[in-house]
1. Using only alpha carbons, build the gyration tensor for region 413-544 and give me the equivalent ellipsoid semi-axes, biggest first, whole Å.
2. Rank these for me by crowding, W243, W389, W574, going from fewest to most other beta carbons within 10 Å.
3. For the ranges 341-349, 223-231, 520-528, 281-289, what's the packing order if you count other beta-carbon atoms within 10 Å of each residue, average per peptide, and put the highest first?
4. Classify region 254-365: rounded, prolate or oblate, from the alpha-carbon gyration tensor (a ≥ b ≥ c, eigenvalue square roots; a/c under 1.5 rounded; otherwise prolate if a/b is larger than b/c)?
5. How large is the Kirkwood hydrodynamic radius of region 521-584, in angstrom, based on all distinct alpha carbon pairs?
6. Mind ranking 532-544, 303-315, 325-337 by how tightly packed they are, going by the mean number of other C-beta atoms within 10 angstrom, highest first?
7. Can you give the convex hull volume per residue for the Cα atoms of region 36-148, as a whole number of Å³?
8. May I ask you to compute the full-extension gain from E349 to D501, defined as 0.36 nm times their residue separation minus their alpha-carbon distance, rounded to one decimal in nm?
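Every number here is computed from the coordinates shown, using simple stated rules; none is lab data. These figures come from a predicted structure and were not determined experimentally. Here Cβ is always computed from backbone atoms with ideal geometry, including for glycine, and neighbour counts include all displayed protein chains.
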Amino acid sequence: MTFAIHGLAVAQGVAIGRAVLVAASRVDVAHYFIKPHQVASEIDRVRSGRNAVVDELTRLQQTVAHMGSKDAPQELKALLDVHLMLLQDEELVEGVKHWIKERLYNAEWALTTQLEVIARQFDEMEDEHLRERKADLEQITEKVLRAMQGLASPVVPAPQDKRKGNGNQQDLLLEDTVDVPLVLIAHELSPSDLLQFKQGVFAGFVTDVGGKTSHTAIVARSMDIPAVVGARTASQLVRQDDWVIIDGDAGVVIVDPSPIILAEYGFKQRQLNLERGRLSRLINTPSVTLDGQKVELLANIEMPEDAATALRAGAVGVGLFRSEFLFMGRQGRLPDEEEQYRAYRRAVEGMQGLPVTIRTVDVGADKPVGSPKEESHLNPALGLRAIRWSLADPAMFITQLRAILRAAAHGQVHVLIPMLAHIGEIRQTLALMDQARAELDRDGLVYGPVKLGAMIEIPAAALMLNTFLKYFDFLSVGTNDLIQYTLAIDRADESVAHLYDPTHPAVLRLLADTIAACQAQGKHVAVCGEMAGDTHMTRLLLGLGLRSFSMHPAQILAVKQEVLRADTRQLTPWSQEVLESDEPSQLMGS
Ligand code: PEP
Ligand code: MG
């Protein structure tokens with residue numbers, strides 16, 4: 001039966017495919033495709049994990065048998081029997097083999113997928129007692145997963161190693177595994193989970209949680225695949241292998257669509273492809289408004305390899321390299337100076353002489369690195385995040401600064417510091433920059449000059465622009481966080497997503513003041529938050545005087561089209577009116 005689920009539209013387009021459910025597990029599970037020759041060894045890994053748990057439970061059963069009934073309650077004996085029975089259940093074993101053989105899922109993914117399938121069957125059972133077996137099944141699956149982790153499971157390579165063509169087990173693309181597009185449905189995906197899929201396996205994705213500018217949504221946009229987040233119960237309502245349409249423009253997920261609906265969306269998909277084709281003709285067109293204002297369109301990237309995508313989209317530089325993605329998904333083991341240097345150098349050389357703005361690591365909040373420092377903070381977005389994290393560990397920060405400075409010997413590099421709010425933080429940052437240079441001199445290592453910039457993403461920073469302009473060569477406005485912190489709206493929380501308003505008068509005022517202050521002092525200013533890639537905002541930002549926009553490569557051509565149609569002589573007075581209004585969105589049209 002066809003039904004629709006509503007969520008938040010975060011990455012545009014239409015995807016039609018079969019659902020792949022990524023089951024939520026308390027154990028951190030890697031999801032990747034294996035190669036056909038690895039099928040037997042993956043099945044063996046599951047078998048070894050299961051056998052280890054069977055041995056453990058059998059030993060426990062024997063211990064319990066030797067205890068008196070006072071020390072070992074009947075329930076414990078019964079529970080062990082049930083767990084052992086479930087572990088040896090053919091449906092679990094055969095199902096896991098099926099996902100490994102037919103879909104080429106890695107062992108952990110196959111196990112959690114089959115858990116999901118059986119758990120659904122338990123959910124539908126009339127008998128309450130049997131329904132409760134679901135919790136037992138979850139427990140034993142977790143035990144097996146943990147046992148597999150202890151059994152030297154292959155380590156998931158760091159994201160930069162997971163690209164097509166590098167010869168490792170992640171290389172396998174959709175065409176090699178199945179012949180229908182797959183769409184990913186999950187309760188929650190971390191940005192680094194999603195990055196694992198950046199090789200193009202999935203045609204779209206849906207999550208139950210998340211806001212429009214959560215980092216998971218940002219990575220989805222960078223992948224240029226339709227996505228819906230905040231779909232609340234999607235992962236419970238959609239079943240493994242269901243046909244699903246993801247309408248990334250409307251934020252709607254249609255499950256089990258009828259032939260008429262399928263035909264309608266097929267048509268929409270073709271129209272969107274035609275529109276993309278039309279836009280691609282603008283790649284080499286200079287980005288200049290009707291009245292001759294040059295507008296710089298830069299790319300936001302997550303990995304060095306994205307430089308190639310940025311160039312293909314016609315970016316004239318990288319305005320934001322989110323370096324934290326090199327630090328994530330590696331269980332807290334941080335990259336050393338050499339690894340970072342090589343990554344930054346790849347990005348710099350990849351941009352072929354165009355400038356690359358490397359933002360120092362911005363982890364914390366919804367970008368965890370798995371470090372013990374992160375645990376149990378009540379408000380992580382207000383906690384040890386970004387520059388605060390870096391300044392709390394000067395040795396780690398110096399390592400990063402040294403790597404960036406060394407990469408600057410190979411091309412134009414700008415360094416961007418996230419989340420500054422305090423003069424003390426500015427001074428410490430500058431002192432550590434000096435120290436990094438002094439150390440490189442001492443070690444006889446070559447490095448290049450860099451421009452130093454600050455992100456304006458905390459209202460406090462936007463209210464002390466003169467201080468910032470005294471110390472920095474340029475500013476870049478992080479509107480995602482500026483909105484979050486100005487309006488006190490968690491950007492990753494779908495329950496307050498309706499209040500997350502880029503056109504709130506207070507947000508626009510801070511933004512306009514930042515642009516004006518930079519212009520008055522002849523300093524470069526860019527916007528690198530999601531607002532820069534939103535075509536509904538282009539005219540307003542141009543009217544406020546912005547001439548440098550940094551966004552995901554996939555958005556560059558659509559924004560360029562807006563620039564080519566704009567006349568700043570008309571937009572400037574109009575944007576002042578918008579700025580003065582109590583309800584700016586009413587003046588901006590749709
Ligand atoms: C921002 O806050 O707007 C920004 C660009 O940084 P991030 O989204 O990575 O926090
Ligand atoms: Mg930010």
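1. 30, 16, 14
2. Arranged by neighbour count, lowest to highest, W243, W389, W574 become W574, W243, W389.
3. 223-231, 341-349, 520-528, 281-289
4. oblate
5. 12.2
6. Taking the mean over residues of other Cβ atoms within 10 Å, the ranking is 532-544, 303-315, 325-337.
7. Hull volume over Cα atoms, normalised by residue count, gives 88 Å³.
8. 51.0 nm
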